[in-house]
Amino acid sequence: MRIDMARCINCDACLRHCPPRFGAIFNHGVDVVILPELCSGCGKCLPPVCPVDCIVADPDWSPSPEDWWALPLGADDPYAAADA
Ligand code: SF4
Ligand code: SF4
């Protein structure tokens, strides 16, 4: 899955609904991003969770940029508490 950043309103609802065992959605600067390597395709981030329906299937996905990998287990990892 991929977030259409042109339509995303950065509400973080998807991030709160992504199951911690996948933990695929992160704040990255002003953007909200999905690391496709971590996404299971479970759909829990889709509407009605995402209010603007801007999370789309991306069969031609590209690997996450290297700097995105600093987000999982980083200082602001929103899923870290669930693992404690
Ligand atoms: S489809 Fe599931 S695993 Fe992928 S980003 Fe959405 S909630 Fe997370
Ligand atoms: S729920 Fe939708 S609008 Fe909100 S941050 Fe996630 S992708 Fe963006």
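Taken together, the values in this text are just the output of simple stated rules run on the coordinates, not laboratory data. Quantities reported herein were computed from a predicted structural model and do not represent experimental measurements.
See the values below:
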| read-out | value |
| --- | --- |
| Inter-part distance where segment 33-52 and segment 1-31 are each reduced to a Cα centre, Å | 7 |
| Stretch gain in nm, segment Glu37-Ala75, where the contour uses 0.36 nm per residue and the Cα spacing is subtracted | 11.7 nm |
| The chain - mean residue ellipticity at 222 nm from DSSP helices (-39,500 (n - 2.57) per run, n ≥ 4, rounded to 500) | -2000 deg cm²/dmol |
| Most fluctuating residue given options Cys18, Cys54, Cys42, as computed from a GNM of the chain linking Cα atoms under 10 Å | Cys42 |
| Cα-based shape type of segment 34-84, given that a ≥ b ≥ c are square roots of the gyration tensor eigenvalues and the cut on a/c is 1.5 | oblate |
